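Working notes, beginning with the structure itself.
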Amino acid sequence: MPELPEVETTCRGLAPHCIGRHLVTALVRNAQLRWPVPADLAQQVAGQAILSLTRRAKYLIVTLQRGTLILHLGMSGSLRIMDSNSPAGVHDHVDLVLDNGTCIRLRDPRRFGAVLWTQSDVLRHPLLENLGLEPLSDTFDAHYLHGCSRGRKVSIKTFLMDSHVVVGVGNIYANEALFHAGIRPTTPAGRLSRTRYARLTTAIRAILARAIEAGGSTLRDFVNSAGEAGYFQQQYMVYGRSGESCRVCAGSIKHMRQGQRSTFYCPHCQT
C-alpha cells in the first residue's frame, strides 16, 4: 500500500502540472472504488481552477474554487499526468481532465482507492477530522508521543501505525524507524522513556525524509506521477530481509506477524 512518502512524492509530482489550471471535466469509467465516485462529479468540477494540491496523511486534497476533491491511492493505485487522449487501460478508472489537454489519471487495479467531493470544510470530513499529527510537522516530537503512550499496553509498532496518534507511518517505515531507533517492535508503547521516544521521533523524521527523496518505495504497483518507480527499497535495513544478515551487527534479521502485518527486526540491535 502506498504510504506517506509515496503519497507525498505523488503530490509533489502532480502540483506543478495542476495548480492554476482549470478542470474541463471528470471522466469516470468505473465509479465502484472503495467508496462510489459521486455521480455528478463531472458537473461539480467542470470549469473550476485548481487552487492548491496538498497532502493530509495518505490523502491528497485538491482545492478548487467551490469545493475540494479528496483522493486516495488505496492499496495499488497511482495518479499520473497523461495526455487526455491516450488510451485508457482496464484499471484506469477516473480522469480529471485539465484545460491544456492533459489529465490526472487514476489507475487502481484493486479498486481500494477513492475520489470524493466535498463543499464543506475538508478537514472536518469524516475521513480526516480525527487524524493524528503529521510526523514531519513541528508539533510531532518526543513530548507528544510520550504523552500519548502513557498507559498504553499495545506494542510500539502497532502504536506508531495508529492514525489517531500519528499519520502516514505505515508498516514499511515503522519497521525501518524502529530499527534505526534501536527499539524492539514488541515493546509496549507505555514502557518507553521520553529519551527513547526522542530517538524514535528523530528516526521517523529521517526515514520519511530519505524515502521522499528516493521517490518512495516500489514493491509492487507504485509509480509516481511520471510513471517512474521509487527506489527507497534499496535502502531497507530490515523490511523484507528475513534471514539475511544485519548490516550493522551481521546477526540474522527475524520475521514475525503483528496485527496481521509483517514485522522485521534485529534481535541484537533492537532491545
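Some observations on this one:
- Remark: pairs (first residue in the stretch 2-15, under 13 Å from Asn171 (Cβ atoms); second residue charged (D, E, K, R); Cβ separation under 6 Å; 6+ apart in sequence or on different chains) are absent.
- When residues of the stretch 1-30 are limited to those that are within 21 Å of the chain's Cα centre (by Cα) and among the small types (Gly, Ala, Ser), the one modelled with the highest pLDDT: Ala15
- The stretch 79-113: number of residues that are surrounded by 23 or more Cβ atoms within 10 Å (Cβ to Cβ), more than 12 Å from His17 (Cβ to Cβ) and within 17 Å of the chain's Cα centre (by Cα): 3
- The stretch 87-120, residues that are free of Cβ contacts under 8 Å to residues at least 12 places away in the same chain and touching a strand residue (DSSP E or B) at 6+ places or on another chain (Cβ under 9 Å): Ser120
- Out of Leu192, Leu145, sole residue that is among the hydrophobic types (A, V, I, L, M, F, W, C), under 24 Å from Phe232 (Cβ atoms) and out of contact with any Asp or Glu (no Cβ under 7 Å at 6 or more places or on another chain): Leu145
- Set Pro126, Pro135: member being assigned to a loop (DSSP other than H, G, I, E, B) and either among the charged types (D, E, K, R) or within 26 Å of Tyr265 (Cβ to Cβ) (or both): Pro135
The values are calculated or read from the model by the stated rules, or taken from the named source; none is laboratory data. All values reported here derive from a predicted model rather than from experimental measurement. Cβ sites come from the backbone with ideal geometry, for glycine too, and all protein chains shown count toward neighbours.
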